[in-house]
Amino acid sequence: MDLLRFTTAGSVDDGKSTLIGRLLYDAKSIFEDQLQAMERSTERRGGTGVDLSLLTDGLQAEREQGITIDVAYRYFATPRRKFIIADTPGHEQYTRNMVTGASTANLAIVLIDARKGVLTQSRRHAYIAQLLGIPHLIAAINKMDLVDYSEAIYHTIKTEFSAFCTQLGARDVSFIPISALHGDNVVDRSAHMPWYTGDTLLNTLEGIHIQHDINLRDFRFPVQLVCSPQISGRPDFRGYMGRIESGSVRAGDEIVVLPSGHRSRIKHIVTYDGNITEACAPQSVTLTLEDHIDISRGDMIVHPENPPRSAHEFHAMLCWMSEQPLQPRGKYLIKHTTHTAKAVVQEIEHKVDINTLATGEASELKMNEIGRVLIKVQRPLVCDVYRNNRASGAFIVIDEHTNNTVAAGMIAAV
Amino acid sequence: MPARLSHLDVLESEALHIMREVAAECKNPVLLFSGGKDSIVMLRLAEKAFRPGRFPFPLMHIDTEHNFPEVIAFRDKRAAELGERLIVRSVQDSIDRGRIKLRHENESRNVMQTVTLLDAIQEFGFDACFGGARRDEEKARAKERIFSFRDEFGQWDPKNQRPELWDLYNTRVHPGEHMRVFPLSNWTEMDIWQHIAREKLAVPSIYYAHRRDVVWRGGWLPVSHLVQPREGEEVKNIMVRFRTVGDMSCTCPVESDAATAEAIILETAGSRITERGATRMDDRTSEASMELRKREGYF
Ligand SMILES: Nc1nc2c(ncn2[C@@H]2O[C@H](COP(=O)(O)OP(=O)(O)O)[C@@H](O)[C@H]2O)c(=O)[nH]1
């Protein structure tokens, strides 16, 4: 059984909560006590039966306001896969939540209300999914029951959204007509839409190939910790602990340590369960080398072929997440892989209007705005372009004074 | 290409990565070890993350003295086997020193642990505490970050959490503030039992089916010095196991014949009630009770 992480995006009232509730309910992942609590809540609010959307209501403030205010994580499993859902709200002001949910996702479900068609928000969600490099997209055309399960309406929406996704460069997009409320094509096939011959939503989630979502070609091993325990019997043990972020490695492989450029070979791949001859992303392991070279946290061990770049300066897309806008010439910390560096934003190259995707000049980036910037770092970053490698192309921006995470960054060009 | 990784392999690797980030970036971390199944899994993950070295943090238990004796015995044995330092701070101590006021003698001590925990964090100056909480346990937890920031009063502000992007964790805190770190955030009860089975981990005997005297108070409560049968209550002796091991005065077992981890996995697959719903009377008080406790600084 493997693991698929997905996020759901939709505007308020498109039916996101209902869909997740339905998916969990039909996949038999809602427990009786949760159902009873939902029944009680539904009644308290003057409804009857079970409102499936209540399952995803988390915090007191949300229950009072009846809206979702932050990212929540849900879990369910079928015999084929374990799923992690990052459930993010669709309000205008919460772009940052969608970016957060999208950052770890293999797949995004974009909900489109069949009555309303492709809205500005639907485009925005697809854009963010694409920007964050989510490999797979499902457009779920919801509330088909309210448009008489009309094939024509489905096709109009599909054609329009499909064209937009092509323009974005999205490669893997599926379309599914559903009714989250009644369950059509969510887990069970719809009796109302015989014209739809594709998979149900759950089948699609179970079947999508995700082995290639991680870059399997370029070995990247950012060193997290150096382990030299000085234990009796193994006085020389010196291991480099970390997680393989992409690619794979074998004992005996020739490697380069960056940014120093020192070369050596892998002696052992050490794990608690014994040494192994080969390991791949995303395994956490400990590497030992043939030669004693100076390596510390923040260095990266890679193969000499396809090495990453070492950059003092790079262009990046930033999604700003703080009340305090980004100022040009602003000084921040950036955390990239296991390396934290002082950085200055040299220039805001442009801002993206995420509704029209038009770019324009900007003197600052405000909360929930996305723009392209030029960043200079004090110590070079060993990095890849985000499009080629999510793990070594992503970074966060931290305000050194408040310690808050103020932006998500994706390296666009070095 | 090496063999494909299973969901457990991926969850495990994620947890190791989290633990190593804390070890590298935090000055004075601690691992909260209760002797319960989640923290037992955490200890195995810590072994996987740091062996052949020692753990770069001590273990700490906040002892309510309402614990099952089997669990305390297990706690001490496990810490000794690992050769790691175990700190114990007791709720009784906080009561004796007047830090906690009791309303009545045998009151549940789950909530009170918060005071003792925050005092201990201050006493040792811990800046990061590993906890075994999982997001599938409860609604408020479902929204909590893996690295969960606590202000100088130890409080959680659910509406003002730091965005958590990719697996780039922001561990920075000012003096007096700290992080709660949950390496098992993405694990479910099922994953925990699958891991226990795969790793052949020992757990306290009360997790497995055994005969026990219980009384019915809207759920089976184990008879002990804290729970004495009241007039008119019938004491039954039935086969039960515990799904969680908290305060003896409010932790209910479930009826079960499952005597091995494998049998529990089968039972969990068919279970129709959540772990906390089945076993924690303290969670039933109001829809928001876990959230309120967490805001105050609870685990
Ligand atoms: N008729 C119909 N109503 C739906 C469907 N899906 C959701 N709804 C309703 O739309 C409203 C908003 O749904 P909700 O799940 O709360 O939307 P969210 O804001 O995206 O989470 C609720 O009243 C739902 O019952 C559907 O497929 N058909």
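Take every residue in peptide B:184-195, count the Cβ atoms of other chains within 10 Å of its Cβ, and give the average of those counts.
That average works out to 2.
Post the alpha-carbon centroid distance, the range A:287-315 to the range A:176-199, in whole angstrom.
With the range A:287-315 and the range A:176-199 each reduced to a Cα centre, they are spaced 50 Å.
Count charges around A:MET317 for me, please; just the other residues with Cβ under 12 Å from its Cβ, Lys/Arg as +1, Asp/Glu as -1.
The answer is +1.
Any aspartates and glutamates with Cα under 13 Å of the B:LYS159 Cα? List them, leaving off those in the same chain fewer than 8 positions away.
A:GLU62, A:ASP70, B:GLU144, B:GLU291
Order these peptides, B:53-65, B:86-98, B:195-207, by their mean beta-carbon neighbour count within 10 angstrom, highest first.
By packing density, highest mean first, the sequence is B:53-65, B:195-207, B:86-98.
At 1.002 mPa s and 20 °C, plugging the Kirkwood radius over alpha-carbon pairs of chain B into Stokes-Einstein gives what diffusion coefficient in µm²/s?
107 µm²/s
First select every other residue whose beta carbon is under 11 angstrom from the beta carbon of A:LEU381; then total the charges, Lys and Arg +1, Asp and Glu -1.
Net local charge, A:LEU381 excluded: +2.
I need A:THR338, A:THR204 ordered by Cβ neighbour count within 10 Å, fewest first.
In order of increasing Cβ crowding within 10 Å: A:THR204, A:THR338.
With a 10 Å cut-off between alpha carbons and a GNM built on chain B, which of B:ARG134, B:ARG230, B:ARG211 moves the most?
In the Gaussian network model the winner is B:ARG230.
Need one value for A:285-294: mean number of C-beta atoms belonging to other chains within 10 Å of its residues' C-beta atoms.
1
Which of the aspartates and glutamates could a cross-linker bridge to A:LYS335, judged by Cα under 16 Å and excluding same-chain residues fewer than eight apart?
Hits, sequence-local ones excluded: A:GLU245, A:ASP299, A:GLU313, A:ASP384, A:ASP399, A:GLU400, B:GLU21, B:GLU25, B:GLU164, B:ASP167.
Please check: in the Gaussian network model of chain B (C-alpha springs, under 10 Å), which one of B:ALA49, B:ALA128, B:ALA73 has the largest mean-square fluctuation.
B:ALA73
In Å and whole numbers, how far do the C-alpha atoms of chain A stretch along each principal axis, longest first?
The principal-axis extents, from largest down, are 70, 52, 40 Å.
Considering only DSSP beta bridges with both partners in the protein assembly as shown, what is the antiparallel share in %, to the nearest 5?
70 percent
In terms of the Cα gyration tensor, with a ≥ b ≥ c the square roots of its eigenvalues, is the range B:1-93 rounded because a/c is under 1.5, prolate because a/b exceeds b/c, or oblate?
Note, shape of the range B:1-93 comes out prolate.
Add +1 for every Lys or Arg and -1 for every Asp or Glu among the other residues with Cβ under 11 Å from the Cβ of B:PRO163, and state the total.
+1
Viscosity 1.306 mPa s, temperature 10 °C: Stokes-Einstein D of the range A:309-413 from its Kirkwood Cα radius, in µm² per second?
118 µm²/s
Once you've got the GNM for chain A with C-alpha springs shorter than 10 Å, pick whichever of A:GLY169, A:GLY247, A:GLY15 has the biggest mean-square fluctuation.
A:GLY169
Before anything else, pin down the relative contact order of chain A: Cα pairs under 8 Å, at least 6 apart, normalised by residue count, whole percent.
12 percent.
Taking neighbour counts of Cβ atoms within 10 Å as a proxy for exposure, in what order, fewest first, do B:VAL235, A:VAL223 appear?
Listed from fewest to most nearby Cβ atoms, that is B:VAL235, A:VAL223.
What order do you get for B:154-162, B:18-26 when each peptide is scored by the mean count of other beta carbon atoms within 10 Å, highest first?
B:18-26, B:154-162
In what sequence, highest mean first, do A:383-390, A:268-275 appear when ranked by Cβ atoms within 10 angstrom?
Listed from highest to lowest mean packing, they are A:383-390, A:268-275.
On average, how many beta carbons from a partner chain sit within 10 Å of the beta carbon of a residue in B:126-137?
1
Which one, A:GLY242, A:SER284, A:GLN230, projects farthest toward the positive side of the charge dipole computed for the range A:225-368 from Cβ point charges (K/R +1, D/E -1)?
After comparing all options, I get A:GLN230.
Long-range amide H contacts for A:ILE138: which residues qualify at under 5 Å (H placed 1.01 Å from N, peptide plane, sequence gap of 5 or more or a different chain)?
The answer is A:ALA108, A:ILE109, A:VAL110, A:SER174.
When the helices in chain B are scored as -39500 (n - 2.57) per DSSP H run of 4 or longer and the sum is shared across all residues, what 222 nm value do you end up with, to the nearest 500 deg cm²/dmol?
Calculated from helices alone, the mean residue ellipticity at 222 nm is -10000 deg cm²/dmol.
Computed from the coordinates by the stated procedures, all read-outs in this text should not be read as laboratory data. Treat the numbers as computed from the prediction; the structure is a model and nothing was measured. Neighbour counts are summed over all protein chains in view; Cβ atoms, including those assigned to glycine, are modelled from backbone coordinates with ideal geometry.
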